[in-house]
2 protein chains.
Amino acid sequence: MRDKVIFGTAFHTPARGRLEVLRDALIVVAGDGRITEVIAQGSGDHDAARARAAEQGRLVELGAGEVLLPGLVDLHIHAPQWPQLGKALDVPLEVWLRKHTFPLEARYADVAFARTIYDDLVSGLVANGTTTAVYFATIHMEASLALAEICRARGQRAFVGKVAMDDPDQCPPFYRDENAATALDEMRRFIEAVRAIAPGGDALVHPIITPRFIPSCTDELLAALGRLAAETGCLVQTHCSESDWEKSFVEQRFGRSDAAVLAGFGLLRQHTVLAHSNFVSDDDLDLIRARGAAVAHCPLSNAYFAEAVFPLREALDRNVRVGLGTDISGGHSPSLLDGCRHALMAGRMRQGGVDAGLPRDRRGVADARITVAEAFWLATAGGGEALGLDVGKFAAGCKFDALRIDVEADGSNVRVWPDLDEPEDVFQKIVLNAGRANIRQVWVDGVCVGGTAGDAGQRASVSR
Amino acid sequence: MRDKVIFGTAFHTPARGRLEVLRDALIVVAGDGRITEVIAQGSGDHDAARARAAEQGRLVELGAGEVLLPGLVDLHIHAPQWPQLGKALDVPLEVWLRKHTFPLEARYADVAFARTIYDDLVSGLVANGTTTAVYFATIHMEASLALAEICRARGQRAFVGKVAMDDPDQCPPFYRDENAATALDEMRRFIEAVRAIAPGGDALVHPIITPRFIPSCTDELLAALGRLAAETGCLVQTHCSESDWEKSFVEQRFGRSDAAVLAGFGLLRQHTVLAHSNFVSDDDLDLIRARGAAVAHCPLSNAYFAEAVFPLREALDRNVRVGLGTDISGGHSPSLLDGCRHALMAGRMRQGGVDAGLPRDRRGVADARITVAEAFWLATAGGGEALGLDVGKFAAGCKFDALRIDVEADGSNVRVWPDLDEPEDVFQKIVLNAGRANIRQVWVDGVCVGGTAGDAGQRASVSR
């Protein structure tokens, strides 16, 4: 039953950096999974609405120590790299790709293997609070469709991309599209197949056009995928200006930056997701902003593989759309709450610099730090805006994608002291220390799809 | 019962950066909590020793998915700041100290308050795998003794320091020692009292002489505490060259660096623990090394409050003793496994730099990164060496301080794929993704003192 009324305290960041505490509010969810109303405590009809919902058996009351958060939006995940999570990070990027990552991704020709891994991945991410996921799959049609099916079956909101990579100079012979024509044909069939799995503009699972990155694709394929995006209205995702090598490669091939090249091929569109974008110029940021594209900031992976930090503050100041990505498995954590912490640490280190031998004013980049509320906005409403989805906050018209957080759960590293902590403190403590032990229920589209409460919790409260 | 034999696979890093996998080994623990023997699988008496231990009811067999790690050694914790964990990090250091931290620490005049907080702290750290903890308490005698008592009662190996801070120019009137003479007298009585709680050179809990940092102490007090260290043989801890402000303050007051000033007062001794040390020079490192002192590297807190990164690689290259600290609550995580991840991320960012606008060779510090095995060594054997303790590895003569890790625990973010993962991969996955949900049992000195298995687990296996 999706139709329900939640009573309790909710934290969200409806605008960048602005925490709003909805204390003892009622959140009214309709049968289509959308929030129809948020009724503040003290407003005229609050008590009557609560009593009515209780009478109708539609009331879900949060317990002591429980609060509601918007679900997390992970903009950048390499689904096939899930078995590699947390290993092989001590090697350089080239070794990581050639020795570990490409051979692993090639295994997804085996759809049974793919189903095993992808089911574990999707349930693991849901348990960590990821209600919307943007996935790179592999070049394989069947395995990529299996991922889309698993997302639908497990109730995770998702964009799933079959990866396009056809350039024989840059892709290994055992793992690439045969040529641009087959890659295009398969991408078209993949889009149709995903739309058949999950029909309708309001579907939970969408296809996304996914050229791996410029170096792995021929001009012919990039141009064809740009036309396909215009024709189908599919979103696009790719990597952008991630590393020194990648940036130089694209400049040598085209004499322009990644962002400009993508724009030229028709791939820089409304809600195109650009992973990383560490080496973008101010002009690139203006172009990304003008086209309505978005950046998936992946601070942990950038520390390991890019040797650079995305200029987040500059992007935010220019109103570029930005959200967070775990970049599994270039990043080793499946938790986007961890992602908030990494974004905070990266921002602090970017501001403070890394060489104590330099004077203070030459060490870092002024005003690069972000606040806890900004980090959380990136992981929720920022990610939603990046994708053009009504998620990431509690407001009428938004989808009810939410986390029921229990700060008193067994195994919690969040410690709240009622005499000492204001609601704002509790919010910060959750963002900085909550983990999957604290995530009691996960709702997507109004449906309970996971959490530590499991089936028992779902039966105990009116939640499904 | 401390006397036991553990059968299973153990990971440890007995030397810096060198992972050793003890596959299906037997670890023999005597009644005094020390390891007497590590018997490798395949060695002549392995099977007989295992059978004998089983007959005697002394065998603890690790289950499928379980491995043994050395316990974690946290070199820098501000115990009274526990209620502040994960909050108030968006303010500058001065505001953090004056508005939040000093008023909070002043509350520990109330020993009942102290007992409540400290009990929660110690049990929380044990649950996160911290088997040895080095604590700053507060200026209060009773509350600081309560912390020592709680560590002993809960079985955590600990160094507990009553904080000395007497300079009226730098300490607030509501939170400082009356003068150098009273501070010295109380420190002497504190040492005696802790030694009475836990007598003997092999005791679990030790006092540690703790001048807060040079700016908060008068010359008279620093000199007196140096003499007290020589007289009592107590270890010393303090902060060293943490921030631009602090470094400049000490240079202006003494015309020398923190390390040199501490040496001059007799406080830079064998196993003195220097928190942070971000702004140490090469000469400082040589001095620290020559005196046998150690650095508590606190990468997360440094990102938030120091705007600098400790030159870890340089220190390791000079064979300075180094371990890790969470720096609760300047760092927001209570987990020293998290601390490993922060040290790894800080090392990567130090190498890669933070300003993508600079050319590669001018962005960071060459070779600053560390490996996963180095990070784990810092958190275990490195910390043990810093303190002069026989802990942090599995070897005859070492104390049995260990964690029973279950990679298949409910809520685990460690995912192991037997067909794909070598033991080295499992080790990396644990260091990068394990959390308290994975910590099934925690042993200190051969005694089970915590873990998710709780009393049931303790009863189920022969472990206490």
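Taking a quarter of the surface of the Cα convex hull of the range A:108-251, what do you get in nm²?
The directionally averaged projection comes out at 8.9 nm².
Which value, in Å³ per residue, describes the convex hull spanned by the Cα atoms of the range B:72-387?
121 Å³
Positive end of the dipole of the range A:72-387, charges at C-beta (+1 Lys, Arg; -1 Asp, Glu), about the Cα centre: which of A:156, A:259, A:214 has its Cα farthest in that direction?
Among A:156, A:259, A:214, the one farthest towards the positive end of the dipole of the range A:72-387 is A:156.
What net charge do the residues around residue A:184 carry, taking every other residue with its C-beta under 12 Å from that of residue A:184, with Lys and Arg at +1 and Asp and Glu at -1?
On the way: positive: A:162, A:188, A:189, A:227; negative: A:166, A:177, A:178, A:185, A:186, A:220, A:231.
Summing Lys/Arg as +1 and Asp/Glu as -1 gives -3.
Test of understanding: extend the Cα→C-beta vector of residue A:360 to 7 Å, then name every residue of the range B:304-318 with backbone N under 12 Å from that spot.
Those under the cut-off are B:306-308.
Got a sec? Charge dipole of the range A:1-152, +1 on Cβ for Lys and Arg, -1 for Asp and Glu; which of A:108, A:147, A:49 is way out at the positive end?
Ranked along the dipole, the leading option is A:108.
How far apart are the residue B:45 label points across copies, placing each 7 Å from Cα toward Cβ, in nm, shortest first?
In ascending order, 8.2 nm.
Would the range A:241-293 count as rounded, prolate or oblate if I go by the C-alpha gyration tensor, calling it rounded below 1.5 in a/c and otherwise prolate when a/b exceeds b/c, oblate otherwise? Before the final figure, lay out the partial values.
Working: a/c = 1.83, a/b = 1.48, b/c = 1.23.
Prolate shape, in that a/c is at least 1.5 and a/b is the bigger ratio.
Taking R0 as 35 Å, what's the FRET efficiency between residue B:396 and residue B:153 from their Cβ-Cβ distance, rounded to 0.05?
Here the calculated transfer efficiency is 0.75.
Per DSSP H run of at least 4 residues, take -39500 (n - 2.57); add these up for chain B, divide by its residues and hand me the 222 nm value, nearest 500 deg cm²/dmol.
-10500 deg cm²/dmol
If you line up the long axis of helix A:244-254 against the longest principal axis of chain A, both from Cα atoms, how many degrees apart are they, to the nearest 10?
60 degrees
How much length is gained if the chain between residue B:410 and residue B:43 is pulled fully straight, taking 0.36 nm per residue apart and subtracting their Cα-Cα distance, in nm to one decimal?
This chain segment gains 128.6 nm when fully extended.
What are the label-to-label distances in nm, one decimal and shortest first, from residue A:91 to the same spot in the other copies, with labels 7 Å along Cα to Cβ?
Reported distances to equivalent positions: 4.8 nm.
Can you tell me, using C-alpha contacts under 8 Å and at least 6 residues apart, the relative contact order of chain B as a whole percent?
Values: 1061 pairs, mean separation 95.1, N = 464.
Result for chain B is 21 percent.
Which angle from 0 to 90°, rounded to the nearest 10, does the C-alpha axis of helix A:423-433 make with the longest principal axis of chain A?
The answer is roughly 40 degrees.
Find every distance from the label point of residue A:103 to the corresponding label point in the other copies (7 Å from Cα along Cα→Cβ) and write them in nm, one decimal, shortest first.
6.0
In nm, to one decimal, how far is the modelled label at residue A:91 from the one at residue B:256, with both set 7 Å along Cα→Cβ?
The answer from the label model is 5.0 nm.
What lysines could a cross-link reach from residue A:393, if we take a straight Cα to Cα line under 25 Å and drop same-chain neighbours fewer than 8 places away?
Result set, ordered by chain and number: A:4, A:429, B:87.
Thinking of the protein assembly as shown as a set of Cα atoms, what percent of all their pairs are more than 52 Å apart?
16 percent
In straight Cα distance, which lysines are under 22 Å from residue B:162, not counting same-chain residues fewer than 8 positions off?
B:99
Any idea what the dipole of the range B:326-464 comes to, in debye rounded to 20, about its Cα centre with Lys/Arg Cβ at +1 and Asp/Glu Cβ at -1?
Values: 16 positive and 19 negative charges, 62 e Å.
Dipole about the Cα centre, nearest 20: 300 debye.
Taking beta carbons within 10 Å but only from partner chains, what does the mean come to for residues B:414-427?
Average neighbour count from other chains, rounded to a whole number: 3.
Based on Cβ point charges of +1 for Lys and Arg and -1 for Asp and Glu, what charge dipole magnitude is obtained for the range B:1-128 about its Cα centre, in debye rounded to the nearest 20?
It works out to roughly 240 debye.
Could you give the size of the charge dipole of chain B about its Cα centre, using +1 on the Cβ of each K and R and -1 on the Cβ of each D and E, expressed in debye and rounded to the nearest 20?
Details: 49 positive and 62 negative charges, 72 e Å.
With only Lys, Arg, Asp and Glu charged at Cβ, the dipole is about 340 debye.
Taking the Cα centroid of the range B:371-435 and of the range B:102-135, what is the distance between the two, rounded to the nearest whole Å?
25 Å
Would you work out which of A:426, A:59, A:83 lies farthest towards the positive end of the dipole of chain A, given +1 charges on the beta-carbon of Lys and Arg and -1 on that of Asp and Glu, about the Cα centre?
The residue sitting most towards the positive pole is A:59.
Every number here is computed from the coordinates shown, using simple stated rules; none is lab data. As the structure is a computational prediction, the values presented were derived from the model and not from experiment. Quick reminder, even Gly has a Cβ in these numbers, built from the backbone with ideal geometry, and neighbours come from all protein chains shown.
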